[in-house]
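What follows is a set of notes on a single structure, which appears directly below.
The values are calculated or read from the model by the stated rules, or taken from the named source; none is laboratory data. Computed from a prediction, not measured in an experiment: that's the story for all the values here. Every residue, glycine among them, receives a Cβ derived from its backbone with ideal geometry; neighbour counts consider all protein chains shown.
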Amino acid sequence: MHAISFTALLLSLVAGVGVAAYAGVRALKNDYSTVPFLEKAQVVLTLVVVAVSVVLVQALANRDFSYAYVRDYTDTFMPLFYAVTAFWAGQNGSFLFWYLGVAVMGWCMIYSPGYSRLDDRTKVFFWLFFFLVEIFFLYALTGPSNAFMKLDPVPAEGNGLNPLLQNPGMIFHPPLLFLGYAGYTIPFCLALACRLAGDGRNWLDLSRNWNIISWVFLTAGIILGAWWAYMELGWGGYWAWDPVENASLIPWLAGTAFMHTAIVGRTRKTLLRSNVFLVSLTFLLCFFATFVVRSGMIDSLHAFGSSKMGIPLLVFMLAVLGLVLFVCLIQRADDTTHLDEFMSRPGMLFLGSWLLLCLGGIVFLGVNWPLLSAPWTASPVGLDAGFYNRVCLPLFAFLALIMSLCPWFGQKKGIHDKVGLGLTICAGLVTAVALYVLGYTQPVALLGAVSGVMIVAAVILLFVRSSAVRRFRPSWGAYGVHLGVALMVVGVAFSGPYKEEAEAVLEKGQSMTAGAYMVTFHELIHNHDNPAMNVHEARFSVTRDGQPVGNLAPQKRLYRNFDRSSFAEASLIPSLGEEIYATLLAFNEEGSVSIKISINPLVNWIWIGGTLCCLVAFLCWRKIERP
Amino acid sequence: MSSTQKSQKWVYVVALLLVGAGVGYLVLSGLSQNSVYFLNVSEALAMPEDKLTQARLFGSVCEQDIVRDPSALGVAFTVQDKDNADQTMRVEYRGAVPDTFKPGVEVILEGRFNAQARVFEATTLLTKCPSKYEKNEQGQMRPPGYGG
């Protein structure tokens, strides 16, 4: 099956190039009758990649170690579920998964009502761009990133998947990101096709739902990654500003900016060129994210190793960038430079989008700084997490403030609901004074927390005061997402600067203080029943002012298949207020333990807000009528 | 373009400049205060010692002379260059030692070089995240749990 699968992908590549070339030549002669042919070709490509993916999944499920990929990422001890999800654990499989996402979405596109509203010329252009992307993936899958390499002789056992990755958070984090990346292919191709065909008006409407889905996948992927880092890595934090984390944040920032300029574009019939550029930028940054992870050019905490995908990705990105600039620079009669008053809804959306793009630019700069600074320093200079905290957090806080004020501005100019705006500001002032008196005086965190509360107040007031907002389902989606963001902003503003940490070595019966809490060590339990690992668990009780709060049982696990390396399993007392988080650092034979306790205030609101964002965004979905 | 449109254009330009100035100020202050040298061990050894006041060091842990604090709240070890094992530097680290720390593992250290004691005093010790995502450059798989 190795050779058959590989050959099927190779034939897909040849067919893709052939079909695109044929349709391209016909299009040059103003012949756009190739649409049914292109659609059939897309269906065939999709069927091939689905079949090939089934082959790989089956090999993973059967632990068929004659596949190098299966050997590299599974072993016979793994539960079936984790073995199957190793599909996207490695580079080769994850590229296949990404391409699978692109192909299936392209197939769905054929049957979508939005697609049926396009004329034949636009459809041909759409498929030409779409095939270009698919050809790149097929080239990668049949060249530098082949998932069907055969091993001979067949090894008896595989390498297994690192225990840290055997966690639901980590299992669904990569595929969600890849589905988000894949999703942006459709708005990107649609934008370029419509602009090239001179049909600049309606691609924003037609790609809106695709945009929302892609954004939800990307958001969910990022939040799940942060949650995994918090739950599983045992360092008590959720975001370390590591290049690999940042890489997925950059397209998210660009995509979010585009989402807002698209509103201005749709409602005010302006920004045609900017929107094409922004959606293309988002698409390109998805590839850039993969480039950061795969090229090995930037040192990261994540050891991905250098792979052969660096140069092909770079060439692809530069080629697409050239194409995008060419298409954007074409003059169109309906390109207008219509500007609304700055103090208006579109003006505020502009400002918010600028900030999002600035944030994207800053993170991009930070990730690339070791390369960018090379010309004028003898030794490479990089930026630590402090850089991002210093530069990005004030901008995020300011952005949150604008989010709370924007809904009160009118579509064309001025403020349409002065009372609503006044009440929102009052809520902010009261919160600011209250927090300041309670001792929360760190300025950026204070601005963030106040802005978060103001967004919540603004959303509630909007729904109370405006029946138009209540009646319009998409506004439930949009403001619901904003509410989720507000909860996250508040969560970050408190759990970042007001986190308390303590480390100690404790004998049986001894106690330590962490913040306002007293943590007492009771016993250490060794469990050797599980064949895959030995578990050592320390039991603690937590009290506050003499009142019991709960128990903590952090573990150290020694895995059989990983060189008996130990992994800490954090334990926590969940709370919507102060969450108590414990990691067992070490223990010795005499029964004493080293423990790290962190008190994370309001941290769970980040996950609640993030979940809300991803769920309610679907309310923004709009049905597109067939013509 | 009408005259109101033109005046609006200036409002946008001013707003853009204000945002740009704010962002520029933040970025410049960040660049001046949060820049650290990103160095391999061999590069760090080649640098003048007085410039190693704030650095992020990339290397791997030598087999020999690992002195662990029994509480796991500190470790002293020798870090060697990833490509050139002869280039080494002594490191003293205070803080929680990650589970994945062991001989041979790639580490990232943040801290400063103490010229008197001839050791790199690390304030953070990170082992490379164990995403077993790709083979190493030689095309061999590293042993499981190696951290790569």
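With respect to residue A:52, is the statement that it is among the β-branched types (Val, Ile, Thr), more than 14 Å from chain B (Cβ to nearest Cβ) and surrounded by fewer than 17 Cβ atoms within 10 Å (Cβ to Cβ) true?
No, not satisfied.
Yes or no, residue by residue, for (1) within 14 Å of chain B (Cβ to nearest Cβ); (2) in contact with a strand residue (DSSP E or B) (Cβ under 8 Å, 6 or more places away or on another chain):
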| position | (1), (2) |
| --- | --- |
| A:121 | no, no |
| A:135 | no, no |
| A:141 | no, no |
| A:146 | yes, no |
| A:157 | yes, no |
| A:164 | yes, yes |
| A:170 | yes, no |
| A:180 | no, no |
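Test each condition in (1) over 18 Å from the mean Cα position of the chain (by Cα); (2) more than 10 Å from chain A (Cβ to nearest Cβ) for residue B:90 and report the one that comes out false.
(1)
Which of the residues spanning the range B:103-119 are buried (at least 18 other Cβ atoms within 10 Å of the Cβ) and either assigned to a loop (DSSP other than H, G, I, E, B) or touching a helix residue (DSSP H, G or I) at 6+ places or on another chain (Cβ under 8 Å) (or both)?
B:105, B:113 - these are the residues of the range B:103-119 that are buried (at least 18 other Cβ atoms within 10 Å of the Cβ) and either assigned to a loop (DSSP other than H, G, I, E, B) or touching a helix residue (DSSP H, G or I) at 6+ places or on another chain (Cβ under 8 Å) (or both).
Looking only at the range B:59-99, count every residue that is outside any loop (DSSP other than H, G, I, E, B) and not polar (S, T, N, Q) and tell me the total.
Residues flagged as outside any loop (DSSP other than H, G, I, E, B) and not polar (S, T, N, Q) within the range B:59-99 amount to 15.
Condition check ((1) touching a residue at least 60 places away in the same chain (Cβ under 8 Å); (2) surrounded by fewer than 22 Cβ atoms within 10 Å (Cβ to Cβ); (3) in contact with a helix residue (DSSP H, G or I) (Cβ under 8 Å, 6 or more places away or on another chain)) across all residues:
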site	(1), (2), (3)
A:187	yes, no, yes
A:193	yes, no, yes
A:199	yes, yes, yes
A:211	yes, no, yes
A:216	yes, no, yes
A:236	yes, no, yes
A:239	no, yes, yes
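Restricting to the range B:110-131, name every residue that is within 12 Å of chain A (Cβ to nearest Cβ) and in contact with a strand residue (DSSP E or B) (Cβ under 7 Å, 6 or more places away or on another chain).
B:110, B:111, B:123, B:124, B:125, B:126, B:127, B:128, B:129, B:131
Just the residues that are touching a helix residue (DSSP H, G or I) at 6+ places or on another chain (Cβ under 8 Å), modelled with pLDDT of 85 or more and more than 8 Å from chain A (Cβ to nearest Cβ), please, taken from the range B:38-58.
Listed by number, the residues that qualify are B:55, B:57.
Exactly one of these conditions fails for residue A:454: (1) of a type outside the set (Gly, Ala, Ser); (2) away from chain B (no Cβ under 14 Å); (3) closer than 30 Å to residue A:205 by Cβ; (4) assigned to a helix (DSSP H, G or I). Give me its number.
Going through (1) of a type outside the set (Gly, Ala, Ser); (2) away from chain B (no Cβ under 14 Å); (3) closer than 30 Å to residue A:205 by Cβ; (4) assigned to a helix (DSSP H, G or I) one by one, residue A:454 breaks only (3).
Collect the residues in the range A:27-51 that are of a type outside the set (A, V, I, L, M, F, W, C), touching a residue at least 12 places away in the same chain (Cβ under 8 Å) and farther than 14 Å from residue A:134 by Cα, keeping them in residue-number order.
Those that are of a type outside the set (A, V, I, L, M, F, W, C), touching a residue at least 12 places away in the same chain (Cβ under 8 Å) and farther than 14 Å from residue A:134 by Cα: A:32, A:33, A:34.
Which one of these is away from chain B (no Cβ under 11 Å) and either at pLDDT below 85 or crowded, with 18+ Cβ neighbours inside 10 Å (or both): A:330, A:311, A:362?
A:330
Quick check on residue A:101: is it closer than 24 Å to residue A:196 by Cα and either touching a residue at least 12 places away in the same chain (Cβ under 8 Å) or away from chain B (no Cβ under 14 Å) (or both)?
no
Name the residue, out of A:569, A:625, A:590, that is over 22 Å from residue B:98 (Cβ atoms) and within 13 Å of chain B (Cβ to nearest Cβ).
Criteria check complete, one pass: A:590.
Against the definition (part of a helix (DSSP H, G or I), of a type in the set (S, T, N, Q), more than 18 Å from residue A:366 (Cβ to Cβ) and not assigned by TED's automatic domain parsing to the domain that holds residue A:580), how does residue A:261 come out, yes or no?
yes
Is there any pair linking a residue in the range B:7-30 that is more than 9 Å from every other protein chain (Cβ to nearest Cβ) to one that is at pLDDT below 90 and part of a helix (DSSP H, G or I), with Cβ under 6 Å and at least six apart or on different chains, and which?
none
Going by the structure shown, is residue A:176 surrounded by 19 or more Cβ atoms within 10 Å (Cβ to Cβ), of a type outside the set (Lys, Arg), part of a helix (DSSP H, G or I) and in contact with an Asp or Glu (Cβ under 9 Å, 6 or more places away or on another chain)?
Criteria not met by residue A:176.
Look through A:209, A:246, A:275 and report the one residue that is in a helix (DSSP H, G or I) and under 23 Å from residue A:616 (Cβ atoms).
A:209
Specify which of the listed residues (A:27, A:15, A:21) is of a type in the set (A, V, I, L, M), at pLDDT below 95, out of contact with any His (no Cβ under 7 Å at 6 or more places or on another chain) and farther than 14 Å from residue A:93 by Cβ.
After ruling out the rest, the residue left standing is A:27.
Every residue in the range A:503-535 that is assigned to a strand (DSSP E or B), modelled with pLDDT of 90 or more, within 16 Å of residue A:592 (Cβ to Cβ) and not aliphatic (A, V, I, L, M), please.
Scanning the range A:503-535 gives A:511, A:520, A:521, A:522, A:523.
Among the residues of the range A:485-500, is there at least one that is polar (S, T, N, Q), crowded, with 19+ Cβ neighbours inside 10 Å and modelled with pLDDT under 95?
Within the range A:485-500, one or more residues are polar (S, T, N, Q), crowded, with 19+ Cβ neighbours inside 10 Å and modelled with pLDDT under 95.
Kindly indicate whether any position in the range A:34-42 is of a type in the set (S, T, N, Q), farther than 22 Å from residue A:153 by Cα and within 14 Å of chain B (Cβ to nearest Cβ).
no
For the range A:379-397, name all the residues that are within 11 Å of another protein chain (Cβ to nearest Cβ), among the hydrophobic types (A, V, I, L, M, F, W, C) and out of contact with any Asp or Glu (no Cβ under 9 Å at 6 or more places or on another chain).
Across the range A:379-397, the qualifying residues are A:381, A:383, A:387, A:391, A:392, A:393, A:395.
Only one of A:444, A:469, A:391, A:459 is hydrophobic (A, V, I, L, M, F, W, C), at pLDDT 95 or above and part of a helix (DSSP H, G or I); which?
A:459
Can you give me the number of residues within the range A:402-431 that are surrounded by fewer than 18 Cβ atoms within 10 Å (Cβ to Cβ) and in a helix (DSSP H, G or I)?
Going through the range A:402-431 one residue at a time, the tally reaches 8.
Across the range A:365-378, which residue is surrounded by the fewest Cβ atoms within 10 Å (Cβ to Cβ) among those that are among the hydrophobic types (A, V, I, L, M, F, W, C) and within 10 Å of chain B (Cβ to nearest Cβ)?
The selected residue is A:378.
Going by the conditions given, is residue A:14 among the aliphatic types (A, V, I, L, M), surrounded by fewer than 16 Cβ atoms within 10 Å (Cβ to Cβ) and within 19 Å of residue A:140 (Cβ to Cβ)?
Criteria met by residue A:14.
Looking at the range A:77-95, can you tell me whether even one residue there is touching a strand residue (DSSP E or B) at 6+ places or on another chain (Cβ under 8 Å), within 14 Å of chain B (Cβ to nearest Cβ) and farther than 19 Å from residue A:180 by Cα?
no
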